[in-house]
Amino acid sequence: MLLEVNDLHVSYGAIRALKGIFCQVGEGEIVALIGANGAGKTTTLRTISGLIRPQSGTITYKGQPITKMPPHQIVSLGICQVPEGRRVFTRMTVLENLEMGAYTRKDKANVKADIEKVFQRFPRLAERKSQLAGTLSGGEQQMLAMGRALMSRPTVLLMDEPSMGLAPMLVQEIFSIIKEINQAGTTILLVEQNAHMALSIANRAYVLETGEIVLSGPARDLANNPEVQKAYLGE
Amino acid sequence: MDSIFSMFLNDYYIQVLTMLGIYLIGALGLNLITGVTGQLSFGHAAFLSIGAYTSAILSLKLHTPFGLAILAGGLMAGLWGVLLGYPTLRLTGDYLGIATLGFGEIVRVVFLNMTITGGALGLAGIPRNTTLTVVLLVVILSVWAMVRLENSRFGRSLVAIREDEIAAEAMGVNITTAKITAFAIGTFLAGISGGLYAHLIQYLNPSDFGFLKSFEFLTFIVLGGLGSIPGVILGTSVLTLAPEFLRFISDYRMLVYGLLMVFMMIVRPRGLLGGVQLRRLFAKKNVQQTGTSASGGAN
Amino acid sequence: MGVKYMTKTILELDNVTIRFGGLTAVDSVDMKIEEGTIRALIGPNGAGKSTIFNLITGIYAPTAGEIRFMGNKINGLKPHVITKMGIARTFQNIRLFGEMTVLDNVKIGMHCRTCTGFLGALVRSPRVKAEERAITEASMEALKLMELDHKADELAMNLPYGEQRRLEIARALASRPKLILLDEPAAGMNPQEKQTLMSMIRKIQAMGLTIFLVEHDMKFVMSLSDRIAVLDYGRKIAAGSPAEVQRNPAVIAAYLGKEVV
Amino acid sequence: GCGGGGQEKKAAEGDKAAAGGDTIKIGFLGAKTGGHAAYGVETLKGMKMAAKDINDAGGILGKKIEIIEEDHGSKVSEGTNVTQKLITRDKVVAIVGDPTTGITKAAAPIAQQNKVVLLSAGAVGTGVVEIGDYIFRDTLLDAVAAPAVTKYLNEKLGWKKVAVITSMNNDYSVGLTKLFKEALAANKMEIVAEQSIQDGDQNFAAQVTAIKDKNPDGIIFTGYYTEGGLFMKEARKQGMKAVMVGGDGLLSDVLMKMGGDAVEGSMVYCGFAADEAKAGEKTKKFIEAYKAGNNGALPDMFSAQGYDAVMLIADAIKAAGSDNPEKFRAELAKTKDWIGVSGTITFRENREPIKSPVYLLEVKGGKFVVKDTVDVK
Amino acid sequence: MLSQQLLNGITLGATYALIALGYTMVYGIIQLINFAHGEIYMVGAFVGVLMVSVFQQGLLVSLVAAMLACMIMGVTIERIAYRPLRRSTRLAPLISAIGVSIFLQTLMTKIKGPQPVAFPPVINDALYKLGPVEISKVQIIILIVASLLMAGLHFIVKYVKIGKAMRAASEDYDTAALMGINVNRVISFTFAIGSALAAAGGVLVGIYFNSVSPFMGVLAGLKAFCAAVLGGIGSIPGAMLGGLFLGVAETLGVAGGFDLYKDAIAFTLLIIVLLFRPTGLLGRPIQRKV
Ligand SMILES: Nc1ncnc2c1ncn2[C@@H]1O[C@H](COP(=O)(O)OP(=O)(O)OP(=O)(O)O)[C@@H](O)[C@H]1O
Ligand SMILES: Nc1ncnc2c1ncn2[C@@H]1O[C@H](COP(=O)(O)OP(=O)(O)OP(=O)(O)O)[C@@H](O)[C@H]1O
Ligand SMILES: [Mg+2]
Ligand SMILES: [Mg+2]
């Protein structure tokens, strides 16, 4: 397994957000993480990225423990994240934000080409190249956050609700982009409220409830699971 | 009352406690401006000095009765609070801080050059009317007033401004009026504090009200816990009493005092009593009360 | 309620335009919203929807055009004045008073309907006490409506995302608005939560309020709105009933991508 | 009404302490930290030396002197706290301090109310001893120095015509000019030119031009060192030869820095300067002891006056045969031609000190050296 | 002699600018009003004195030594007193900074005594005539050193990657870390540079005014803070401009005969500027996008 999470416990002060999470992401997979508000999805991703120190448990990447690594080192291993709530650098321009995404890269020429690629994917961003990211609309910021993560050419991409606030057409676009970069070799761990879409492109999925994994398996099986349908697919 | 105090406390303790009380009044004022409303003020000492000089001059030149002189000092400080607040409160964050800091320095320089204030020589011979009893009364009154404000429609609107100005405005809070009112009350208390100070120390000098004094007040409220009234009381007490308690280490006193500030901040980053509000201390009781009164209304 | 049948215009946008530097974010938009209806505004990202909300609530002033609320021109007024006149809103990026309790957040909503100043707070006369009691009761009611009353004493920042969104609505309701603007109220919610939210919004409508709504979840929008306006690059490209809009080729091309069922 | 009871109690406590203690406590009121620390620390050094000298010689009235040192961090409010503490808790019979006028004025009323002697070893401003009959100071006052120096200029240096330069926006300068003018009149000296400047000015061409033609014997400059240095520079540039005389406002190395060669020969008076060559026996011993304890550094005005302050108090106690402030206060007030390390001190009726000698320093080779000492009667 | 006054003002302003630069850098990233910055400047000046007097070094060596010593000190202070407070309210580290400032000032008073110390002569000061103005060697050195340091800083921030990382970190530590930025290192680096600049300022001012004291940092820190805000928080050219503005305003205020009101003039100007440009001279206007 490329990425393995073992018995992860995380608390915010008195609040126990994760109570022993186990999950695995294999090379080349798309793995979806679904669950209600406050289930602990974001917490899981932030812990993997090293932004939160777990109480206990281990995270390994290619067999190497990364649990105690600082976030920037984890990024340099190739694990990148599209954070929840966009988190663009509001006082920097769209272009500068994209450049920040390529911070760890040394190949300047390719960076330029990749920026062009992002602009092709999201023409809206190209139009607003030198606008301050803080004045972008919500959806535009979401596109920027996505584009910025792509700039790092990650091995593993963690995505936290990438479709939030996007127009329907763009939602479809985002999911096809996810598929596309996955096919190009990037492994993906996807957190989504839009469980329908998530399960339709994922290989496998985990269902999280109040800090624990309650269900897991191939995405298709989960999509057909009546409990899941009732709770997360609104059917 | 004062004679009762002096039966139990020697004059040194009385002096120290009186000073503590005076600082507390000023700190409560700053807490309303900075702690509750979130408006950074680095010029609080200026308002103390305005109150101090106003009341002292009234006492000296016009023999105004003590209480009246103090009140006038408070009102004068509040007036200047409004005059300063009006143009500057549209500044945000540190820019407001700097503007208030600048105002503080301007006030100091002006007092330094006025004849009625005695300029650099200072103003001496102010009658010593401030007693522990008076200060204690004013402290109790101020705490009471602040607790009432905190739990009112007005107090809530101030906190809302601190938390999110845009949302507060969108919810119908007139932020300009609210901020200026907070400034007026906060600086009024500073003026009262200054007046009491003048009538305790009996001597005023502009250099005692420089920006370092303003930062001292800020230290009181941040270390206690911004926006928390028990916090302000504790923070002010710790920081004004610590230099006295630390006298036994003599030459290392200020070294330790500096380290203590760093240490306390690191241990309690939100202040000693950050987030503690008197009301929340009694929260359970209150909830029950509203519960019963609500159901009573329904019946 | 009979309100629905009175076709009285509550909000009117007349040729409203705003520019940011060279960018025209909202371009000569006309709109009329009837009292008691649910109106949706949809459009691609960056079309200018939130900007229209900001214009209505006085956060931006239009470069050109006029906005009228119940016949009165409101552009140029301060946000708090507009709120007092009867328009309340929620924010796309949640803006709660994080360090205040849930109940206090809602009480702030009542601010413009009450009047105790700081002197009143000190004196605490029977009138003031009565007012405070009324505020608490009305706020609890708003919380009940949004099913948040059990969280009244928690700090707003400790609520999960979906509940924060509902709290924003409760807070807006507390200002007793005639018109309420909801900016992506369902974002970040799961399908079940969205269902609950829909029924809550219908309840709000039943109370006689007019609802103006921006949302990207088409199922949500289509089943809720009476009429829909579509914006693209700041211009209104279509308007009509949900069925009409869904079939409009321009809308499909610019926004929906394919017809939504 | 209430305060009265407290005071009586205090007096009783004071008596008890005076009778019962086996040490005589003298408090130090000053800054060891903060902006005024330079004055406080030096004062304290002098005080400690005095206490040591007294105790080594067997103390007074069979008791040792004990210095209670407290730091007020250069803050007025803490200064009053310290004063209260010294009086109430430590039961000192006298307080030496504060070296600055401001804090002295805040502390003095407390000492006065509690009938504890307060002797400032540094305050020179007005309105200090007026606070009450327990308040003293042992510094050189301009009112004493200016006439003495003027007389010296007239008699010893033969000056008849002078130019007077005042910095109009400087309280100190305006006041000093007034004192000098009175003294000049008393000595029948002529003011041939009078010019005003402002602190902060850098260009004095006009003023110098105006006085140059009057050919004064010397220039009396009452302002501060920065302007003094620059002023003399301009004077030399325009070919004036006369030297400058001023008060301790000119006493700073900055004078030489600003004036360079132009201030060679300029004269400045002050209350004390360590001058081993000309010093009397007592002073010489003091300087030696100070140097020994401070890596060869020389004592300044504050340490010398701090030393004298303790000695003055000790002698008053000895003379009164009691360390009760109410008794030795009177003896202290009678001090006349008392010889200390910073000079001879006499308290006038209003307890203002007349200090002798006035130290007249001269700039020589870029340094201040003692030119002469001027006795005051 | 307006041009002469202007020159004096610019020299004074250049030293303010040096201190303000460090201030604004730290300020821009961790939003900390680094009250101890003035104390670092003071310590820098003392290290300069020590190098010249005890180790008999020339100006350049002393300057570099002071800068190095203060770099280490600045980084250490950040580690101990500010890093644990990074995620708390903005005012918490301010208080901790005041504590550090009290500590350093008292410590220096203990070590060197409270008296001002004369800066031992390192350069023989000469005056040059430049048309209508006289400029001293010290002034020339200050202007040159300050310009070089500022140019160097500008280069780093504008063209070197860490400059951009600073701006990113200043907005959001977490997201910056998610870009692969070592936030701790960026912040340490900022403190190192800022403290070095302050030390340089300390040495230069020590030479200029020929006096170094444990209390010299208080007012200098305040002025630098004002200069930084005046220029626009976090803006490096702004800090330079703010420093110069303040220096010139003060000097001209004095020259105009408002000596007594010198500080008041500077602050009145400052308030007026802020009323017209609420985010400082070069600060970006705040965008209200909700
Ligand atoms: N900074 C924090 N402090 C305290 N509690 C937190 C914090 N962040 C999250 N929590 C709590 O931890 C739990 C898990 O939160 P998390 O954000 O991981 O949920 P989530 O599954 O991502 O939910 P959502 O779908 O709303 O994004 C929730 O109960 C939440 O309230
Ligand atoms: N203050 C501003 N300065 C510059 N451009 C702005 C500003 N505010 C908004 N814009 C631009 O105006 C356009 C409309 O933004 P708006 O937020 O209204 O979009 P929206 O329709 O709400 O989009 P979304 O669905 O993504 O939230 C966007 O392209 C945005 O970049
Ligand atoms: Mg989440
Ligand atoms: Mg929007």
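Here, each number is a calculation from the coordinates, and none is a lab measurement. Computed from a prediction, not measured in an experiment: that's the story for all the values here. A quick note on method: Cβ atoms are made from the backbone with ideal geometry, for glycine too, and the neighbour counts reach across all protein chains shown.
Things worth noting here:
- For segment B:2-290, the dipole from Cβ point charges (+1 on Lys and Arg, -1 on Asp and Glu) about the Cα centre works out to 580 debye, to the nearest 20.
- Of the chymotrypsin sites (Phe, Trp or Tyr not before Pro) found in segment E:36-115, those in coil by DSSP whose Cβ has at most 16 other Cβ atoms within 10 Å are E:Phe55.
- Value of Rg to Rh for segment C:23-124 (Rh from inverse mean 1/r over Cα pairs, i.e. Kirkwood): 1.03
- Mean shadow area of the protein assembly as shown, taken as a quarter of the surface of its Cα convex hull (nm²): 58.6 nm²
- Cα shape, segment E:70-188, gyration tensor, a/c 1.5 rule: oblate
- When both bridge partners sit in segment A:3-232, DSSP labels roughly 55% of those beta bridges antiparallel.
- Estimated 222 nm signal from helices in chain A, with DSSP H stretches of n ≥ 4 weighted -39500 (n - 2.57), rounded to 500: -11000 deg cm²/dmol
- Rg(Cα)/(2.2 N^0.38 Å) for segment D:263-332, N = residue count: 1.44
- Relative to the compact-globule estimate of 2.2 N^0.38 Å, the Cα radius of gyration of segment D:212-360 comes out at 1.33.
- Of the residues B:Leu226, B:Leu259, B:Met19, the one whose Cα sits farthest towards the positive end of the charge dipole of chain B is B:Leu226 (charges of +1 on Lys and Arg Cβ, -1 on Asp and Glu Cβ, taken about the Cα centre).
- Each residue of segment A:11-28 was assigned a 3J(HN,Hα) from its phi angle through the Karplus expression (A = 6.51, B = -1.76, C = 1.60, θ = phi - 60°), giving 10, 9, x, 7, 7, 8, 8, 10, 10, x, 8, 10, 7, 9, 10, x, 4, x Hz with x at Gly and Pro.
- Arranged from fewest to most other beta-carbon atoms within 10 Å of their beta carbon, B:Ile14, E:Ile142, B:Ile98 become B:Ile14, E:Ile142, B:Ile98.
- From largest to smallest, the equivalent ellipsoid semi-axes obtained for segment C:109-244 from the alpha-carbon gyration tensor read 33, 18, 13 Å.
- Dipole magnitude of the protein assembly as shown, debye to nearest 20 (Cβ charges: Lys/Arg +1, Asp/Glu -1, about Cα centre): 1520 debye
- For segment E:12-133, the fraction of C-alpha pairs more than 22 angstrom apart is 45%.
- As a size descriptor, the averaged projected area of the C-alpha convex hull of segment D:275-377 was calculated at 7.6 nm².
- Comparing D:Ala121, E:Gln4, D:Leu176 along the charge dipole axis of the protein assembly as shown, the residue lying farthest to the positive side is E:Gln4, per the Cβ-charge model.
- Evaluated at q = 0.08, 0.09, 0.12, 0.15 Å⁻¹: base-10 log I(q)/I(0), Debye formula over Cα of segment E:2-215: -0.30, -0.38, -0.65, -0.95
- Number of partner chain Cβ atoms within 10 Å, mean per residue of E:160-168: 3
- Using the alpha carbons alone, the radius of gyration of chain D stands to its Kirkwood radius in an Rg to Rh ratio of 1.02.
- For segment B:10-70, the Kirkwood estimate of the hydrodynamic radius, built from every pair of different alpha carbons, is 13.3 Å.
- For segment B:2-290, a Kirkwood hydrodynamic radius built from all Cα pairs, placed in the Stokes-Einstein relation at 20 °C and 1.002 mPa s, yields a translational diffusion coefficient of 111 µm²/s.
- Cα centre as origin, Lys/Arg/Asp/Glu Cβ charges: segment B:41-153 dipole, Debye: 200 debye
- For D:84-94, mean number of other protein chain Cβ atoms within 10 Å: 3
- Exposure proxy ranking for D:Asp300, D:Asp90, based on other Cβ atoms within 10 angstrom of each Cβ and starting from the fewest, stands as D:Asp90, D:Asp300.
- GNM result for chain D, Cα springs below 10 Å: residue of D:Val41, D:Val174, D:Val245 fluctuating most strongly: D:Val174
- Normalised by residue count, chain C yields a Cα convex hull volume of 140 Å³ per residue.
- Scattering profile of chain A at q = 0.13 Å⁻¹ [log10 I(q)/I(0), Debye over alpha-carbon scatterers]: -0.76
- Partner shielding of C:110-116 amounts to 4, given as the average count of beta-carbon atoms from other chains within 10 Å of each residue beta-carbon.
- Each of E:Leu63, E:Asn182, E:Ala20 was scored by the projection of its Cα onto the charge dipole of segment E:2-215, and the greatest displacement toward the positive side belongs to E:Asn182; charges sit on the C-beta of Lys, Arg, Asp and Glu.
- Going by neighbour counts of Cβ atoms within 10 Å, the residues B:Phe245, E:Phe276, B:Phe47 line up, fewest first, as E:Phe276, B:Phe245, B:Phe47.
- Antiparallel bridge percentage (DSSP; both residues within the protein assembly as shown; nearest 5): 50 percent
- Of the chymotrypsin sites (Phe, Trp or Tyr not before Pro) found in segment A:36-123, not one falls in a DSSP loop while having at most 11 other beta-carbon atoms within 10 Å.
- Contact order, relative form, for chain A: 27 percent (alpha carbon pairs under 8 Å, 6 or more residues apart, mean separation divided by residue count).
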